[in-house]
Amino acid sequence: MITGHGGNVKSLAQRSGCPINEIIDMSCNLNPLGPPSGLEDYLMENIKEIRSLPEPDAGEMVRKFAGYHDIDHKRVMAGNGTTSFIYTIPAALKSKHLLIAGPSYADYRDGCIMHNTAFSFCLAEKKLLFQPDLSKISELISDKKNEIDTVIICNPNNPTGTLVQKSNIIELLEKHPDTFFVIDESYLPFVDNAEEISLTAETGFPNLMVLSSMSKIFRIPGLRTGFLSAHPDIVENFMKYYQPWSVNALAQAAVIYLLENRDKTDSFIKKSRKFIKKEKQLFYDSLSSCSGIRLFASETYFIIAELLNDITADKVCRIVGDEKILIRNCANFHGLSDRFVRFSLKERKINMKLAGILKKIEEIK
């Protein structure tokens, strides 16, 4: 049974005695403005693509992504979401010990478990606002008895929303050239000036791998679209574990459509960033005087919150669920506890409804 992910919309609908479409899912980190206009119509017009096999290596999709980022297509491979790469990392890199900058996405750990690869965490501290401790990561790598040869950093991080600056990651890359660094940038498109922060186009580090996703920013998680960017030798190692036709026909069509219509796509991303920045600030402001909950700063559109009263995440999720809203219980994130929840913002009316419910938790004993 897969248990390391978010809430179950179907389960809440059954408990509430309502259709699934009446549940407001704020547990899943997806762009409230997506998908971009025109994309679904395009896919409907090209539904016949499912009658034929897609390109086995998603070659055209790879070339479009490489062209968009102005890098050699030999440095890129496409996958069935970033998940396909995450679960291949230990095998492709022959990792002995993988270090995870946590608390973070459960699949990094589960990928290690699948391959019987040793792993450990360098946990960010609440008192430091969950900002990753890069100096500690460096120390752990330098201590040879740990045998750490691979490091994963989600940037910005899920679930904390913290961001590591590009210069600081480059410093790690330079200091530890014999250590592989996997930087998961799945949520970076939501960040202002993401293009300046991204390491996708950095070609001078043979120990760097960057994961990119279109699922979040364009709200197409069901299509499963992901990319790995790295030195051609690393890409070749990953290709040894690649299954033909890993990316389905409609997923390939969607990515090609989005990357060919660059002006429209870039405009959508810019609009999304502006919308999220405004709504996020309003949400923070609405809960600024609430003594029962502490919101942590986030560089993206999901927010982690600590419950300050004697109340658990399970109880808060149930109270919010009674209003047909699903939020994320963070108890199963290693490094957090049942006193943390996470929610992904939507349009203002829904955000303010959630804020109103959360204000009431300080009254709960």
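The values are calculated or read from the model by the stated rules, or taken from the named source; none is laboratory data. Source: prediction; values computed, not measured. In this analysis, Cβ positions are derived from the backbone assuming ideal geometry, glycine residues included, and neighbour counts consider all displayed protein chains. Just the protein is used for accessible areas: all its heavy atoms, side chains included, with ligands, DNA and RNA removed. Shrake-Rupley method; radii C 1.70, N 1.55, O 1.52, S 1.80 Å.
Of all residues in region 66-83, one or more are among the hydroxyl-bearing types (Ser, Thr, Tyr), touching a residue at least 24 places away in the same chain (Cβ under 8 Å) and in contact with a Leu (Cβ under 8 Å, 6 or more places away or on another chain).
When region 1-10 is limited to residues that are open to solvent by less than 60 Å² (accessible area, probe 1.4 Å) and either of a type in the set (S, T, N, Q) or assigned to a loop (DSSP other than H, G, I, E, B) (or both), the one that is modelled with the lowest pLDDT turns out to be Gly4.
So that you can scan it fast, the table gives a plain yes or no per residue for (1) touching a Leu at 6+ places or on another chain (Cβ under 7 Å); (2) open to solvent by 10 Å² or more (accessible area, probe 1.4 Å); (3) in contact (Cβ under 8 Å) with a residue 12 or more places away in the chain:
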site	(1), (2), (3)
Glu306	no, yes, yes
Ile311	no, no, yes
Asp322	no, yes, yes
Cys330	yes, no, yes
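Filtered by the rule that a residue be touching a Ser or Thr at 6+ places or on another chain (Cβ under 8 Å) and without any contact (Cβ under 8 Å) to a residue 60 or more places away in the chain, region 101-114 gives Gly111, Cys112. The residue pairs whose first member lies in region 276-294 and is under 18 Å from Pro189 (Cα atoms) and at pLDDT 90 or above, whose second member is of a type outside the set (Asp, Glu) and open to solvent by 80 Å² or more (accessible area, probe 1.4 Å), and whose beta carbons are closer than 9 Å, counting only pairs six or more residues apart or on different chains, are Lys278/Arg348; Glu279/Arg348.
Return the residues of region 98-117 that are under 16 Å from Ile304 (Cβ atoms) and in a helix (DSSP H, G or I); say none if nothing qualifies. The answer is Ala106, and nothing else. Scanning region 14-39 for residues that are free of Cβ contacts under 8 Å to residues at least 40 places away in the same chain and buried (at least 18 other Cβ atoms within 10 Å of the Cβ) yields nothing. Please work out if Ser104 is at pLDDT 95 or above, more than 30 Å from Thr265 (Cα to Cα) and of a type in the set (Ser, Thr, Tyr). For Ser104, the condition - at pLDDT 95 or above, more than 30 Å from Thr265 (Cα to Cα) and of a type in the set (Ser, Thr, Tyr) - is not met. Counting the residues of region 265-293 that are surrounded by 15 or more Cβ atoms within 10 Å (Cβ to Cβ), charged (D, E, K, R) and more than 22 Å from the chain's Cα centre (by Cα) gives 0. Looking across Ser138, Ser120, Ser95, one residue alone is open to solvent by less than 50 Å² (accessible area, probe 1.4 Å), part of a loop (DSSP other than H, G, I, E, B) and touching a residue at least 24 places away in the same chain (Cβ under 8 Å). It is Ser95. With respect to (1) open to solvent by 20 Å² or more (accessible area, probe 1.4 Å); (2) modelled with pLDDT of 95 or more; (3) part of a loop (DSSP other than H, G, I, E, B), the lone exception for Arg63 is condition (3).
Out of the residues in region 332-355 that are in a helix (DSSP H, G or I) and touching a residue at least 24 places away in the same chain (Cβ under 8 Å), which is nearest to Gly102 (Cα to Cα)? Among those residues, the one meeting the criterion is Asn332.
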